[in-house]
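A quick write-up on the structure given underneath.
The values are calculated or read from the model by the stated rules, or taken from the named source; none is laboratory data. This is a predicted model, so every value here is computed, not measured. Here Cβ is always computed from backbone atoms with ideal geometry, including for glycine, and neighbour counts include all displayed protein chains. Note: areas computed on protein heavy atoms with side chains; ligands, DNA, RNA excluded. Shrake-Rupley method; radii C 1.70, N 1.55, O 1.52, S 1.80 Å.
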Amino acid sequence: MTGATREQRSTGNGRFRRFLERLSTSEEDLRSEELRQEAAGRGCARISDCADRDMVRVTGTLRTVTLRPRAGVPTLEAELFDGSAALDVIWLGRRAIAGIEPGRKLIVWGRITKNRGRPVMFNPKYELRPLGQE
C-alpha cells in the first residue's frame, strides 16, 4: 500500500475522470457549459427555462447580428446564446447599436415571447459586458 487512504485515492480518481471527460468533450460543449455557469453566477435565468410572457434577465454571447427590415421599419436582430438555448433579441427602429456585434457578451432583461416557436425579446434593456472579461 502506498499509505494513501481510500478517500484520497477516490478523490484522485475523480479528478482523473473529469480530466478524461474534458478531453473527450467537444469545444462547443465546453463553451456551452462555461456560458451556463456564467449565467448562474450572475443570477440570470437560463434561456431554456424561460416561459412565454415571463419577465426575465438573461446573459450570453451574441452569435449573429443582422439588419432586417420589418414592415418597412429598420430592425436590428441578434441571436443571444447562453449555453442552454438561443434567444432572438430584436430592437425595432434601429439600424445599429454601438457595441452590439457578434462575439460580444451582454445581459438583457425584458419580457420573453414566442415567435414561430423561438423565444424572442423585443426592445430589451441591456448591459454590455466589459471587453476585458471575455
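Things to note:
- Within region 69-86, tally of residues that are part of a strand (DSSP E or B), of a type in the set (D, E, K, R) and either open to solvent by less than 20 Å² (accessible area, probe 1.4 Å) or modelled with pLDDT of 95 or more (or both): 2
- Scan of region 100-134 for residues that are at pLDDT below 95 and of a type in the set (Lys, Arg), ordered by number: Arg104, Lys105, Lys114, Arg116, Arg118, Arg129
- Scanning region 75-134 for residues that are polar (S, T, N, Q) and closer than 13 Å to Cys50 by Cβ yields Ser84, Thr113.
Table: residues versus (1) under 19 Å from Cys44 (Cα atoms); (2) hydrophobic (A, V, I, L, M, F, W, C); (3) open to solvent by less than 60 Å² (accessible area, probe 1.4 Å).
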{"site": "Leu67", "(1), (2), (3)": "no, yes, no"}
{"site": "Asp88", "(1), (2), (3)": "yes, no, yes"}
{"site": "Trp91", "(1), (2), (3)": "no, yes, yes"}
{"site": "Val108", "(1), (2), (3)": "yes, yes, yes"}
{"site": "Arg116", "(1), (2), (3)": "no, no, no"}
{"site": "Met121", "(1), (2), (3)": "yes, yes, yes"}
{"site": "Pro124", "(1), (2), (3)": "yes, no, yes"}
{"site": "Pro130", "(1), (2), (3)": "yes, no, no"}
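- Looking only at region 40-55, and only at residues there that are modelled with pLDDT under 95 and of a type in the set (A, V, I, L, M), the one that is most open to solvent (accessible area, probe 1.4 Å): Ala40
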